[in-house]
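For reference, the structure discussed in these notes is given below.
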Amino acid sequence: MATVKFIGFLIILAFVAIFTFQNTDPVKLNFLFLSKEMSLSLMLLGFLFAGIIIGWVFSLVTSIKKDRSDDDLKSL
């Protein structure tokens, strides 16, 4: 099973590398008072990783709350 996961990881990594090399055109990002010019691939990868981290934090908080409520129910 670990080999299948590793092969899947390598395939996804290859797609990310291909995407990164094909989308190097600079784009301008405007947000409120900030303005930044960077390559499209770096911007999208940055948003992807930010989304992964935010999702991980929310799932961690939910898991902690669930564990606490399970402990409260067990103490009854």
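FYI, it's all coordinate maths here, none of it is from the lab. These figures come from a predicted structure and were not determined experimentally. With ideal geometry, Cβ positions are generated from the backbone for all residues, glycine too; neighbour counts draw on all protein chains shown.
In µm²/s, what is D for the stretch 2-73 at 20 °C and 1.002 mPa s, where D = kT/(6 pi eta Rh) by Stokes-Einstein and Rh is the Kirkwood radius from Cα pairs?
Once the numbers are plugged in, D ends up at 139 µm²/s.
Given H placed 1.01 Å from N in the peptide plane, which residues other than close sequence neighbours of LEU29 have an amide H under 5 Å from its amide H?
LYS36, GLU37, MET38
If you fit an axis through the alpha-carbon atoms of helix 2-22 and take the longest principal axis of the Cα set of the chain, what angle between them do you get, 0 to 90°, nearest 10?
30 degrees
What list of ³J(HN,Hα) couplings, whole Hz, do you get for the stretch 51-61 from phi and the Karplus terms 6.51, -1.76, 1.60, once you set θ to phi - 60° and write x for glycine and proline?
So the J values, rounded to whole Hz, are x, 5, 5, 4, x, 5, 5, 5, 5, 5, 4.
What's the extension gain from LEU13 to ILE52 if we count 0.36 nm per residue and subtract their Cα-Cα distance?
Length difference between fully extended and current span is 12.5 nm.
Quote the FRET efficiency, to the nearest 0.05, computed for ILE64 versus MET1 with a Förster distance R0 of 25 Å and r equal to the Cβ-Cβ distance.
Working from the Cβ atoms, E equals 0.30.
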